[in-house]
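*Asks:* Right, I'll just put the structure down here and ask away after.
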Amino acid sequence: MGGKRVLKSNPRIEAFGTVDELNANLGLLRDLEIPVDIKNDLLIIQNKLFVIGSILACEVEPNQYYLENIDESDISGIENRIDDMENNLPTLKNFILPGGHIAVSQCHICRCVCRRAERSIVSLAESDVQEELIIKYLNRLSDYFFVLARRIGKELGIKEINWVPGA
């Protein structure tokens, strides 16, 4: 946005490209057989990721384009969903490996891509001012995907796969 041409290797392109990749992976997760309340949450998150991508695409003040923004209520909304899900899950006593069901695995893929998007934006912020709340949102969102994987696994009766050192 703004009309300036940049290389495909530009850190800004990497940042919003990774957010776009996360959004596409969320679309796949939403297309799987998962509970409707999760599908609704994911649709909201996808819209927020589109907002983040738009903000990252701006080299000028995003408000110049009247873009939405991310605020503390978006972060607290994710944190509340995490808390709601964790209240119905057993306490985690081991590291767990991704897998057991395609929906569980897709949650972990979303978590990993989300972490990469966060790292990319943190890196971009070293040379450019970036919205601190975007980084915080993505940080909490990756935790959401981890807990979501556990919730979906529990609801499907999938046993968590504990990491066994030296196995």
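Taken together, the values in this text are just the output of simple stated rules run on the coordinates, not laboratory data. The shown structure was predicted, so the numbers you read here are calculated from the model rather than taken from an experiment. Backbone-built Cβ (ideal geometry, glycine too); neighbour counts: all protein chains shown.
*Asks:* Starting from the Cα of GLU132, step 7 Å toward the Cβ, then list every residue of segment 90-124 with an amide N under 13 Å from that point.
*Replies:* none
*Asks:* Test of understanding: what is the full-extension gain from SER123 to ILE13, defined as 0.36 nm times their sequence separation minus their Cα-Cα distance?
*Replies:* The span from SER123 to ILE13 would gain 38.4 nm if fully extended.
*Asks:* For Cα Rg over 2.2 N^0.38 Å, several values are listed as [x] 1.03; [y] 1.10; [z] 1.62; flag the one computed from this structure.
*Replies:* Label [y] holds the value from this structure.
*Asks:* Next question. Could the peptides 70-79, 145-154 be put in order, highest first, of the mean number of other beta-carbon atoms found within 10 Å of their residues?
*Replies:* Averaged packing, sorted descending, gives the order 145-154, 70-79.
*Asks:* Would you mind ranking LYS39, LYS159 by Cβ crowding within 10 Å, fewest neighbours first?
*Replies:* LYS159, LYS39
*Asks:* Another question about this same structure. For GLU155, put the label point 7 Å out on the Cα→Cβ axis and report which residues of segment 35-50 keep their amide N under 13 Å from it.
*Replies:* Of the residues in segment 35-50, 35-43 have backbone N under 13 Å from the label point off GLU155.
*Asks:* Follow-up. First check a/c for segment 71-113, with a ≥ b ≥ c the square roots of the eigenvalues of its C-alpha gyration tensor; if it is under 1.5, answer rounded, and if not, answer prolate when a/b is larger than b/c or oblate otherwise.
*Replies:* oblate
*Asks:* Quick check: net charge around GLU155, other residues with Cβ under 12 Å of its Cβ, Lys/Arg +1 and Asp/Glu -1?
*Replies:* +1
*Asks:* Which value, in debye to the nearest 20, gives the size of the charge dipole of segment 11-162 about its Cα centre, when Lys and Arg are +1 and Asp and Glu are -1 at the Cβ?
*Replies:* 780 debye
*Asks:* Here's a follow-up. Using the number of other C-beta atoms within 10 angstrom as an exposure proxy, rank LYS136, LYS48, LYS93 with the fewest first.
*Replies:* Going from sparsest to densest Cβ surroundings: LYS93, LYS136, LYS48.
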